[in-house]
Amino acid sequence: MIKVGVIGAEGRMGSEVCRAVEADPDLDLVARVGRSDDLTTLGSSGCEVAVEFTEPASVKANTLSCLTQGIHVVVGATGLTDPDLQEIEAAAREHGVSAFIAPNFALGAVLMMRFAAEAARHFRSAEIIERHHERKLDAPSGTAKRTASLMEESGFDGDVPIHSVRLPGLVAHQEVVFGAPGETLTIKHDSIDRTSFMPGVVLAIKKVSALPPLTVGLEHLLHG
């Protein structure tokens, strides 16, 4: 069994991750780390893979702490910059472990991004509308920024505008709207419950130890 620790275990996503880990016969939840807990408890618990679901302000430091303890990390919190990713990759390489980072763990969201990237090759106008619950701190979301990046990489001409909405009652929703003379195309994904993210989280926990020092995006785990 893989020994798993959850950072941010008291939060809505973290508590859902704890339930998913406990329900999987191949995983063993050995540590729940809350705001007042020291991350060194992960090492003393025998944790092999830590799952990080906290906030943009703490995700980098938490991830680096795990890596320096020789613990693989699966990161769902957003807010990491390109220089942050470079630092994380260097730390993972130095300590012989791996970091897996995904802006969204829902299979439907990954497909939405893939379809949007394909459509971006054929349309010259597009905008992204992302809607999340009122407690989500970062805007635009990591999913929206990742979608725009993939669209631009596939040949979309220019920056893709992103509109962010934060309201009670929402979970995680995104639509990419393409426009051309006489037609529009909308590619939409809705997570109506946080359980939608759990199959992707569990998959990442099981595969992270075999990955390179840094992997970004759930799509890299869905090939074969």
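Some notes on this structure:
- In plain terms, the chain from residue 81 to residue 28 could stretch by 15.9 nm, reckoned as 0.36 nm per residue minus the Cα-Cα distance.
- Ordered from longest to shortest, the equivalent ellipsoid semi-axes for region 45-125 are 29, 14, 12 Å, each the square root of 5 times a Cα gyration tensor eigenvalue.
- Three-way shape label, region 75-195, alpha-carbon gyration tensor, a/c 1.5: oblate
- The chain: angle of helix 107-119 to the longest principal axis, Cα-based, in degrees nearest 10: 40
- 1.4 Å probe accessible area per residue over region 74-223, in Å²: 48
- The chain, accessible surface, carbon-and-sulfur percent (1.4 angstrom probe): 52
- Gyration tensor verdict on region 1-53 (Cα atoms; rounded if a/c is under 1.5, prolate if a/b is larger than b/c, oblate otherwise): oblate
- Helix 142-153 axis versus longest C-alpha principal axis of the chain: approximately 50°, rounded to the nearest ten.
- Each label point was placed 7 Å from the Cα along the Cα-to-Cβ direction; for residue 137 and residue 58 their separation is 0.8 nm.
- Range in the chain, longest, excluding exposed trypsin sites (Lys or Arg not before Pro) [loop by DSSP; at most 14 other beta-carbon atoms within 10 Å]: 136-224
- Translational diffusion of the chain, µm² s⁻¹ [Kirkwood Rh, Cα pairs; Stokes-Einstein; 25 °C; 0.890 mPa s]: 137
- Degrees separating the helix 12-23 axis from the principal Cα axis of the chain, which is the longest one: 60
- Taking every DSSP bridge with both residues inside the chain, close to 40 percent are antiparallel.
The values are calculated or read from the model by the stated rules, or taken from the named source; none is laboratory data. Values in this document were obtained by computation on a predicted structure and should not be read as measured data. So basically every Cβ, Gly included, is an ideal-geometry build from the backbone, and we count neighbours across all protein chains shown. Heavy atoms of the whole protein, side chains included, go into the accessibility calculation; ligands, DNA and RNA do not. Shrake-Rupley method; radii C 1.70, N 1.55, O 1.52, S 1.80 Å.
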